[in-house]
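One structure is given below, represented as structure tokens, and several questions about it will come after.
The values are calculated or read from the model by the stated rules, or taken from the named source; none is laboratory data. Computed from a predicted model, the values in this text were never measured in an experiment. Neighbour counts are summed over all protein chains in view; Cβ atoms, including those assigned to glycine, are modelled from backbone coordinates with ideal geometry. Keep in mind that these areas ignore ligands, DNA and RNA; they rest on the heavy atoms of the full protein, side chains included. Shrake-Rupley method; radii C 1.70, N 1.55, O 1.52, S 1.80 Å.
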Amino acid sequence: MTKEDLGALILESEHQMYSTAKTILRSDYDCSDAIQETIVKAFQKIDTLKKDKYAKTWLMRILINECYTFLRKEKKCVSLEEATPLSEIKAQEKTDYSELYQAVNSLKDELKLPVVLYYAEDFSIREIAQILDISEGAVQKRLARARAKLKVQLEQMEVFG
């Protein structure tokens, strides 16, 4: 893959990269930083990409790793004075997002990422397995568990009941 091809892929994947980063990170600024780091690393490590057909999953894997790296760094840096009170966060979520978004957002990352990648970003189960470095069966199980949890949560919220 050439650097020009990588640049085109990044531009083509911009929305998916943001959505995926937003699944893990809350702040738009944090998402932007993670995406920028991903782009830098992708260009630096373009020679590690073995097959061009896996370029998009390779790029998304770098992004997910960057998001988790950012979260680990953030946990070390946030002081109690700077932290937003949980009640404020809950109030913001209540006014800013739909019940479905809240339910998806409340899932653990291991369930939330496959849901977002599959339903929002239209990745196949095979691609998600590559991105998350797990088996296709594990992706299917996580999606099934997530759907079951979402059904219960949404029924409790009386969204579909």
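All but one of (1) under 23 Å from Ser19 (Cβ atoms); (2) open to solvent by less than 100 Å² (accessible area, probe 1.4 Å); (3) modelled with pLDDT under 90 hold for Ser87; which doesn't?
Condition (1) is where Ser87 drops out.
So Lys149 fits all but one of (1) surrounded by 16 or more Cβ atoms within 10 Å (Cβ to Cβ); (2) within 17 Å of the chain's Cα centre (by Cα); (3) charged (D, E, K, R); what number is the exception?
(2)
I'm told Ile46 meets every condition in (1) more than 17 Å from the chain's Cα centre (by Cα); (2) closer than 15 Å to Val116 by Cβ; (3) of a type in the set (A, V, I, L, M, F, W, C) except one. Can you identify the failing condition by its number?
All conditions are met except number (2).
Pairs only if they're at least six apart or on different chains, beta carbon under 8 angstrom, first in segment 122-140 and within 15 Å of Leu111 (Cα to Cα), second small (Gly, Ala, Ser) and surrounded by 19 or more Cβ atoms within 10 Å (Cβ to Cβ); list them, first residue then second.
Pairs found: Ser135/Ala129; Glu136/Ala129; Ala138/Ala129; Val139/Ala129.
Still on this structure: Give the residues of segment 129-145 that are charged (D, E, K, R) and buried (at least 18 other Cβ atoms within 10 Å of the Cβ), sorted by residue number.
Arg142
Please tell me if Arg126 is open to solvent by 80 Å² or more (accessible area, probe 1.4 Å), of a type in the set (D, E, K, R) and modelled with pLDDT of 90 or more.
yes
Return the residues of segment 10-43 that are within 17 Å of Val116 (Cα to Cα), touching an Asp or Glu at 6+ places or on another chain (Cβ under 7 Å) and either surrounded by 20 or more Cβ atoms within 10 Å (Cβ to Cβ) or without any contact (Cβ under 8 Å) to a residue 60 or more places away in the chain (or both); say none if nothing qualifies.
Thr20, Ile24
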